[in-house]
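The values are calculated or read from the model by the stated rules, or taken from the named source; none is laboratory data. All figures in this text were calculated on a predicted structure; none of them were measured in a lab. A quick note on method: Cβ atoms are made from the backbone with ideal geometry, for glycine too, and the neighbour counts reach across all protein chains shown. Only protein heavy atoms, including side chains, enter the accessible area calculation; ligands, DNA and RNA are left aside. Shrake-Rupley method; radii C 1.70, N 1.55, O 1.52, S 1.80 Å.
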Amino acid sequence: MSMLSPDGRCKAFDASASGFVRAEGAGAVLLKTLSAAQAAGDRIYAVVRATAANQDGRTNGITVPSLQAQEELIRHACHSAGIAPSQIDYVEAHGTGTPIGDPIEAAALSAALCSDRKSPCLIGSVKTNIGHLESASGVASIIKVALILKHKIIPPSLHFKKPNPRIDFKKLNLRVVSQLEPMPRQSRPLLAGINSFGFGGANAH
């Protein structure tokens, strides 16, 4: 289906994006209610405020994700978390690294999160760093975001050199993190989203 990157590099949101890169790995996270973790004196990396999932329904093809379904899902997750979408400081994107998936995801993130932002929403993808772990890709994103929130530092997405011409980042009010940088300073707790979608049309946030 010509979905794999021929050069073995996942270049999410870049003009040279040519497919995803398969990888292998496993990850684990320990989940507790916040009160139980605090009572036990655990080291807390992050708090999950809300989760949401939906399905694309009919699209133009099995490899084509739904912009509308992703946008609705992100808005629903923010509503469930009791936060304004514009409060999200960083999004760990699915980052397919494909000519079709990247523009659709960028447009969905912008529509859901960026209508009234003063500064661009920061985005990145762990798939550029370690490849697509397939069934473990979700937990890889969770671990990355938990570490970002704990240390307040965002690692760079690799291979982002020339932005995809089908993605107007300035108009969409998005910015790909391409070098190590601190999370934006806030007077409130830092907030991040994790966006993901599957080959069969499932979306999760």
Note, ³J(HN,Hα) from phi for segment 82-88, Karplus 6.51, -1.76, 1.60, rounded to Hz, x at Gly and Pro
x, 10, 7, x, 5, 7, 5
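Given 25 °C and 0.890 mPa s, how large is the Stokes-Einstein diffusion coefficient of segment 63-188 in µm²/s, with Rh as the Kirkwood radius over Cα pairs?
Working: Rh = 15.0 Å.
Calculated translational D: 163 µm²/s.
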Running a GNM on the chain with Cα contacts under 10 Å, which residue among Leu180, Leu172, Leu109 ends up with the highest mean-square fluctuation?
Leu180
Between beta-carbons, use under 15 Å as the cut-off and find the net charge around Tyr45, counting Lys and Arg +1, Asp and Glu -1.
+4
Mean separation of Cα contacts under 8 Å (at least 6 apart) over the residue count of segment 1-121, i.e. the relative contact order in percent, is 29
Please give the helix 67-81 orientation as an angle from the longest Cα principal axis of the chain, in degrees from 0 to 90, rounded to the nearest 10.
0
Rounded to the nearest 500, what is the chain's calculated 222 nm mean residue ellipticity when only DSSP H runs of at least 4 contribute -39500 (n - 2.57) each, over all residues?
-8000 deg cm²/dmol
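Could you calculate the contour length gain from Ser115 to Ile153, that is, 0.36 nm times the residue separation minus the distance between their Cα atoms, to one decimal place in nm?
Working: separation 38, 0.36 × 38 = 13.68 nm, distance 2.52 nm.
Between Ser115 and Ile153, full extension yields 11.2 nm more.
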Between segment 164-180 and segment 95-111, what's the alpha-carbon centroid distance in Å?
11
Could you tell me the relative contact order of the chain? Use alpha-carbon pairs under 8 Å, at least six residues apart, and round to a whole percent.
32
Whole-Hz couplings from phi, Karplus 6.51/-1.76/1.60, listed for segment 180-193; x for Gly and Pro
4, 8, x, 5, x, 6, 9, 7, 10, x, 5, 10, 9, x
Report in % the part of the accessible area of the chain that belongs to carbon and sulfur, leaving out ligands and nucleic acids; probe 1.4 Å.
55
Could you list which residues have their amide H under 5 Å from that of Ile123, counting only those 5 or more apart in sequence or on another chain, with H placed in the peptide plane?
Val91, Arg175, Val176, Val177
Please go through the residue pairs Lys118/Lys170; Lys118/Lys144; Lys144/Lys170; Lys118/Lys150; Lys11/Lys144 and name each one whose alpha carbons sit more than 20 Å apart in this structure.
Lys118/Lys144; Lys144/Lys170; Lys118/Lys150
Two decimals is fine: what's Rg over Rh for segment 1-129, C-alpha atoms, Kirkwood radius as Rh?
1.01
For Lys171, the aspartates and glutamates lying under 18 Å Cα to Cα, once residues fewer than eight places off in the same chain are dropped, come out as Asp14, Glu71, Asp89, Asp102, Glu105, Asp116
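Could you sort the peptides 24-36, 191-203 by per-residue average Cβ neighbour count (10 Å cutoff), highest mean leading?
Working: 24-36: 9.9, 191-203: 18.5.
Listed from highest to lowest mean packing, they are 191-203, 24-36.
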Let me check something: with ligands and nucleic acids excluded, how do Lys118, Lys152 order by accessible area (1.4 Å probe), largest to smallest?
Lys118, Lys152
Solvent-accessible area per residue, Å², over the chain with all protein chains present [probe radius 1.4 Å]:
54
